[in-house]
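Q: Can you keep this structure in mind? I'll have questions shortly.
The values are calculated or read from the model by the stated rules, or taken from the named source; none is laboratory data. Predicted model only: the values in this text are computed from it and were never measured. Virtual Cβ from ideal backbone geometry, glycine too; neighbours counted across all protein chains shown.
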Amino acid sequence: GRFRNQQHNIQLSKSWAQWRKNLISYRKEPIFVCQAVESFVSDRLEAAAKTYEELSRKMGEPEIAEKPEEFQKIARQAAELQETVNAHEEYKALESQLEEAKEMLKESEGDAEMTELAKEEIAVLQKQMSGLEERLKLLLLPKDPLDEKNIMLEVRAGTGGEEASLWAADLVRMYQRYATSQGWRTSIVSYSEAESGGYKEAVMQVSGDK
């Protein structure tokens with residue numbers, strides 16, 4: 001019994017040593033957390049690219065150019081797909097760069113400086129791809145018919161007197177800056193100014209392509 005216990009302890013010791021060795025080896029390997037775009041999303045992106053290419057080809061046809069209404073319809077459809085197609089091309093370019101960075105990491109074994117540079121490059125590319133992947137998923141969401149419509153935005157100061165009116169004015173400016181960053185146009189339709197210079201209420205129109 002004592003001999004078997006000694007053998008068992010030796011075996012456990014060997015197993016632990018091997019497990020620890022494997023763990024250390026595993027931790028030295030880079031963990032590539034960035035996954036490729038899911039296949040169904042990828043299929044839809046490829047379909048969007050083909051549709052965009054077909055629409056672009058049609059826009060160059062003389063018979064389409066002679067029909068302004070049809071040309072505008074096709075041009076509008078192409079414009080709706082252009083952002084998605086451009087984002088997909090950017091994603092594929094990053095994907096290619098990531099593969100090159102991984103290959104560089106393999107070839108840099110023994111060169112600490114090159115290994116560190118490759119790992120940093122991989123981390124940056126993974127982050128960019130992750131953000132772009134989320135953007136692509138949003139771009140593929142079904143369009144809401146209301147997306148193309150302009151809106152009227154109303155801001156009213158709540159209870160709080162002058163401080164509330166100043167806060168309302170800050171909100172109006174915040175919405176104006178956000179709209180500008182999205183390429184939208186804003187105009188104040190009506191407003192009621194407080195003594196402090198803020199707004200008791202303000203109505204703003206926001207217009208743009210989407």
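Q: May I ask you to list the residues in segment 137-187 that are touching a strand residue (DSSP E or B) at 6+ places or on another chain (Cβ under 7 Å) and surrounded by fewer than 15 Cβ atoms within 10 Å (Cβ to Cβ)?
A: As a first pass, look at segment 137-187 and keep what is touching a strand residue (DSSP E or B) at 6+ places or on another chain (Cβ under 7 Å): 150-157, 165, 168-169, 171-172, 175-176, 179, 184-187.
Passing the criteria: Asn150, Ile151, Met152, Glu154, Arg156, Arg185, Ser187.
Q: Quickly run through segment 55-70 and pick out the residues that are of a type outside the set (A, V, I, L, M, F, W, C) and either surrounded by 13 or more Cβ atoms within 10 Å (Cβ to Cβ) or touching a strand residue (DSSP E or B) at 6+ places or on another chain (Cβ under 9 Å) (or both).
A: Taking segment 55-70 and keeping what is of a type outside the set (A, V, I, L, M, F, W, C), we get 56-58, 60-63, 66-70.
Residues satisfying the conditions are Ser56, Lys58, Glu70.
Q: Return the residues of segment 44-86 that are over 22 Å from Leu138 (Cα atoms) and among the polar types (S, T, N, Q); say none if nothing qualifies.
A: Within segment 44-86, Ser56, Gln72 meet the criteria.
Q: Within segment 182-210, track down each residue that is touching a helix residue (DSSP H, G or I) at 6+ places or on another chain (Cβ under 8 Å), part of a loop (DSSP other than H, G, I, E, B) and under 28 Å from Glu80 (Cβ atoms).
A: Correct list: Gly208, Asp209, Lys210.
Q: Considering only segment 44-51, I want to know if a residue exists there that is of a type outside the set (A, V, I, L, M, F, W, C) and modelled with pLDDT under 90. Steps first, please.
A: Looking only at segment 44-51, we keep the residues that are of a type outside the set (A, V, I, L, M, F, W, C), and these are 44, 46, 50-51.
Still in the running and modelled with pLDDT under 90: 44, 46.
Checking segment 44-51: at least one residue is of a type outside the set (A, V, I, L, M, F, W, C) and modelled with pLDDT under 90.
Q: Shifting gears a bit: Determine whether Ala93 is under 20 Å from Ala47 (Cβ atoms) and among the hydrophobic types (A, V, I, L, M, F, W, C). Explain how you work it out, then say what you get.
A: On the way: under 20 Å from Ala47 (Cβ atoms): yes; among the hydrophobic types (A, V, I, L, M, F, W, C): yes.
When the stated conditions are applied, Ala93 passes them.
Q: Sticking with this structure for a sec: Picking from Ala179, Ala164, which residue would you name as being in a helix (DSSP H, G or I) and over 30 Å from Val41 (Cα atoms)?
A: That would be Ala164, the only listed residue that is in a helix (DSSP H, G or I) and over 30 Å from Val41 (Cα atoms).
Q: Would you say Ile122 is part of a helix (DSSP H, G or I) and closer than 30 Å to Asp209 by Cα?
A: no
Q: Right, next: Answer yes or no as to whether Gln82 is touching a residue at least 12 places away in the same chain (Cβ under 8 Å), surrounded by fewer than 16 Cβ atoms within 10 Å (Cβ to Cβ) and outside any loop (DSSP other than H, G, I, E, B).
A: Values: touching a residue at least 12 places away in the same chain (Cβ under 8 Å): yes; surrounded by fewer than 16 Cβ atoms within 10 Å (Cβ to Cβ): yes; outside any loop (DSSP other than H, G, I, E, B): yes.
The answer is yes for Gln82.
Q: Check Lys106, Lys127, Lys73, Lys102 and return the single one that is assigned to a helix (DSSP H, G or I) and surrounded by 14 or more Cβ atoms within 10 Å (Cβ to Cβ).
A: Lys102
Q: Moving on. Return the pair list, or none, for Cβ contacts closer than 7 Å from residues in segment 42-56 that are under 15 Å from Glu89 (Cβ atoms) and assigned by TED's automatic domain parsing to the domain that holds Ala79 to residues that are loosely packed, with under 15 Cβ neighbours inside 10 Å and not hydrophobic (A, V, I, L, M, F, W, C), at least 6 apart or on different chains.
A: Filtered contacts from segment 42-56: Tyr52/Gln82.
Q: Out of all the residues in segment 188-207, which are surrounded by 12 or more Cβ atoms within 10 Å (Cβ to Cβ) and either among the aromatic types (Phe, Trp, Tyr) or on the phi > 0 side of the Ramachandran plot (or both)?
A: Matches in segment 188-207: Tyr191, Tyr199.
Q: Could you pull out the residue among Leu132, Leu125, Leu94, Leu136 that is in contact with a His (Cβ under 7 Å, 6 or more places away or on another chain) and in the same structural domain as Tyr52 (by TED's automatic domain parsing)? Step through it out loud before you land on a result.
A: Details: Leu132 fails: in contact with a His (Cβ under 7 Å, 6 or more places away or on another chain); Leu125 fails: in contact with a His (Cβ under 7 Å, 6 or more places away or on another chain); Leu94 fails: in contact with a His (Cβ under 7 Å, 6 or more places away or on another chain).
It is Leu136.
Q: Quick one: what pairs do we get from segment 177-189, first residue under 16 Å from Met152 (Cα atoms), second at pLDDT below 90 and in a loop (DSSP other than H, G, I, E, B), C-beta under 7 Å, 6+ apart or different chains?
A: Note: pairs meeting the criteria are Trp184/Gly208; Arg185/Gly208.
Q: Of all residues in segment 130-158, which are over 30 Å from Lys200 (Cβ atoms), touching a residue at least 40 places away in the same chain (Cβ under 8 Å) and either part of a loop (DSSP other than H, G, I, E, B) or among the β-branched types (Val, Ile, Thr) (or both)? I'd like the intermediate steps shown before the answer.
A: Just the residues of segment 130-158 that are over 30 Å from Lys200 (Cβ atoms), to begin with: 130-145, 147-148.
Checking which are touching a residue at least 40 places away in the same chain (Cβ under 8 Å) leaves us with 130, 132-133, 135-137, 139-140, 143, 147-148.
Across segment 130-158, the qualifying residues are Leu140, Lys143.
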